[in-house]
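Just below is one structure, and these are the notes that go with it.
What follows is calculated from the coordinates using simple rules that are stated; it is not laboratory data. It should be emphasised that the depicted structure is a prediction, and the values quoted were computed from it without experimental measurement. Neighbour counts are summed over all protein chains in view; Cβ atoms, including those assigned to glycine, are modelled from backbone coordinates with ideal geometry.
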Amino acid sequence: MITNEKQVILRVVERFVQSGSTSDEEVSVVCLPANKTMYVETIGGDGRVISLDQYRLGERVLWAGFSTRSQTVFLSEVAGQ
């Protein structure tokens, strides 16, 4: 179980901005369409809203959020950067 979600999200966002990689050794990473700020995660017929927070690294801006249920980081790039 992940104990510090923000650190995990930041690590995934940094790796994605630097290399375009969506792989991570601890969590799953899912890229969403551009400009998404929320995502409905459906597991076993139940839906749950994942709210994404804005992260800025240099000139790049991404929305990112974490699901404790599926141990997944969701990423959405801001279009038009």
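Tell me, what is the percent relative contact order of the chain, built from C-alpha pairs under 8 Å that lie six or more residues apart?
31
Given [x] 1.22; [y] 0.97; [z] 1.04, which label gives Cα Rg over 2.2 N^0.38 Å as computed from the coordinates?
[z]
Could you work out the helix-only [θ] at 222 nm for the chain, with each DSSP H run of four or more residues adding -39,500 (n - 2.57) and the total divided by the number of residues, to the nearest 500 deg cm²/dmol?
-6000 deg cm²/dmol
Would you mind checking the tilt of helix 5-19 against the longest principal axis of the Cα atoms of the chain, expressed as 0 to 90 degrees and rounded to 10?
40
Distance in nm between label sites at ASP53 and SER28, each 7 Å beyond Cα in the beta-carbon direction?
2.3
For the peptides 68-76, 51-59, what is the packing order when you average, over each peptide's residues, the other Cβ atoms within 10 Å and list the highest mean first?
Per-residue mean Cβ counts within 10 Å order the peptides as 68-76, 51-59.
For LEU10 and ARG60, calculate 0.36 nm times their separation in residues minus their Cα-Cα distance, and state this gained length in nm to one decimal.
Separation in residues times 0.36 nm, less the Cα-Cα distance, equals 16.7 nm.
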